[in-house]
Protein chains: 2
Amino acid sequence: MITSSSNTNIKNIIALQKKGKTRKEQDVFIVEGIKMILEAPVGRLIQLYVAEGYFAQQEHWADLEKICNYHKIKYEIVADKVFQEITDTQTPQGILAVVRQFHYQLEDLFLKEQPAHLIILEGLQDPGNLGTILRAGEGAGITGIVMSKGTVDIYNAKVIRSTMGSIYRVPFFYTDCLKDVIEKIQKRCTIYAAHLQGECCYEKEDYTKDTAFLIGNEANGLSKEVASYANRLVKIPMLGEVESLNAAIAASILMYEVSRQRR
Amino acid sequence: MITSSSNTNIKNIIALQKKGKTRKEQDVFIVEGIKMILEAPVGRLIQLYVAEGYFAQQEHWADLEKICNYHKIKYEIVADKVFQEITDTQTPQGILAVVRQFHYQLEDLFLKEQPAHLIILEGLQDPGNLGTILRAGEGAGITGIVMSKGTVDIYNAKVIRSTMGSIYRVPFFYTDCLKDVIEKIQKRCTIYAAHLQGECCYEKEDYTKDTAFLIGNEANGLSKEVASYANRLVKIPMLGEVESLNAAIAASILMYEVSRQRR
């Protein structure tokens, strides 16, 4: 059992929780909670830590055995006090894993059997918004997410938590040059920008063909440059005195309109 | 200028930020940031506090004068260090107001000139979700929100912030007995429950008449009892391995479908 927070692995997990750079260097991220750990694809899980108190409950043993067999790893027990230091949550479940990162190519965001349904995010900042877009996006059948370099790190603990497992299943792609990627996507998709100056109501468009949506930063919306790449600016009508919608809400309304039209 | 955090008003604001009970007793809530303070309806704003650093910028004076004239109040300047203690935000804007609470009757959630469009929340816990539902709800034209007693306090600082001003404009109503209120609403509205066991796709229903949606708690969904009051259980189809949607996302998809049908 690990009883000291000066243990090398423990110190490393604390660094992985805090720093995107460390996660990138080691090509891993942290997942907490039994549900999301059980959903990890085979072989991706490389380290598993359980709190002493979690391990003390015998009903957890079957899950632990299942996870270890599935990924061919061993678990380590951690004193509860030490576990408190490695968790990112206020009420930790007592189980935490180090999981290998994903590496998709742009091509992976297109599927042969269905029209593309892409979300392109420019500088989204809120981890909860990004995680929620992945989760609702999987539900709406998106084929992938493209993110500008300035977008929040998808492996941030809050993003991972709010994906509720969609992180394992929705292909995504960061780019240093959003412009170049948009130009590539434009050869295959109609690109729509959710925009306050949109002339057309979002539901008047036909999304049954290859479709991509541009979604901007929470505070500033889309930059003029990126919005200018859109084939169509669409608007989500807003009644009352509402000036804009939360980015995850706007994205979800659009994604579910695509889903509705394709049903 | 207030320079001590033992000042009575300062101590009171700290209590108002923390405790729903104190807010209720004094019939007020706290609003931060110039944009939301400027949007407060006439006469509702009863105290105004500005940080020393905020006041030092002359371009803020016109706004301050406008607010004070509009609500017939005076502002108080607070030392920056003291302001740090009364703010709920990590990067405070330096302006904070005490605003009088709203008191709606159930009748206020029905308008003469349009069909009802109500959201009924059972035990929603996340402040960001509630605020986001108010904001997206105003945009979608809802006529009001009903909340069970166990729902998060709408005057919680995080709720207020995420409403982006919709708190001033969307009528809402808490009830100790959700069942009784639902029975009253049922006489005038068709009640739909967003439910994983829903038989019908949400978009197949006709929402052009008086409509109310039941939305459950984030972790547990709707209770069986409350779900049983619904006239119709509808489902939001989910692809992939998604088991549920975030409550604010689910509510927004439904509210915007009503909005789409009524356009």
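The values are calculated or read from the model by the stated rules, or taken from the named source; none is laboratory data. In this text, all values refer to a predicted model and were calculated from it rather than measured experimentally. Virtual Cβ from ideal backbone geometry, glycine too; neighbours counted across all protein chains shown. Areas reflect the complete protein model, heavy atoms only, side chains present, ligands, DNA and RNA absent. Shrake-Rupley method; radii C 1.70, N 1.55, O 1.52, S 1.80 Å.
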Residue list for the stretch B:28-43, restricted to those being part of a loop (DSSP other than H, G, I, E, B) and crowded, with 18+ Cβ neighbours inside 10 Å: B:G33, B:A40
Subset of the stretch B:156-166 that is assigned to a helix (DSSP H, G or I) and more than 14 Å from chain A (Cβ to nearest Cβ) - its residue that is surrounded by the fewest Cβ atoms within 10 Å (Cβ to Cβ): B:A157
Qualifying residue in the stretch B:87-105 (condition: under 30 Å from B:R188 (Cα atoms) and aromatic (F, W, Y)): yes
Test: B:D210 is in contact with a Cys (Cβ under 7 Å, 6 or more places away or on another chain), open to solvent by 30 Å² or more (accessible area, probe 1.4 Å) and not small (G, A, S): yes
Among (1) under 21 Å from B:R135 (Cβ atoms); (2) touching a strand residue (DSSP E or B) at 6+ places or on another chain (Cβ under 9 Å) - the single one B:M164 does not satisfy: (2)
Qualifying positions in the stretch B:215-241 - under 21 Å from A:G137 (Cα atoms) and surrounded by fewer than 18 Cβ atoms within 10 Å (Cβ to Cβ): B:E218, B:A219, B:K235, B:P237, B:L239, B:G240, B:E241
Some residue of the stretch B:10-18 being in contact (Cβ under 8 Å) with a residue 60 or more places away in the chain, closer than 18 Å to B:P92 by Cα, among the charged types (D, E, K, R) and part of a helix (DSSP H, G or I): no
Wholly enclosed strands (runs of 3 or more DSSP E) of the stretch A:167-263 bearing at least 1 residues away from chain B (no Cβ under 14 Å), more than 17 Å from A:L134 (Cα to Cα) and within 23 Å of the chain's Cα centre (by Cα): A:172-175, A:190-194
Hits in the stretch A:128-155 (condition: among the small types (G, A, S), at the interface with another protein chain (Cβ under 10 Å from one of its Cβ atoms) and open to solvent by less than 10 Å² (accessible area, probe 1.4 Å)): A:G131, A:A136, A:G137, A:G139, A:A140
Of all residues making up the stretch B:89-127, the number that are open to solvent by less than 60 Å² (accessible area, probe 1.4 Å), modelled with pLDDT of 95 or more and within 30 Å of B:A56 (Cβ to Cβ): 6
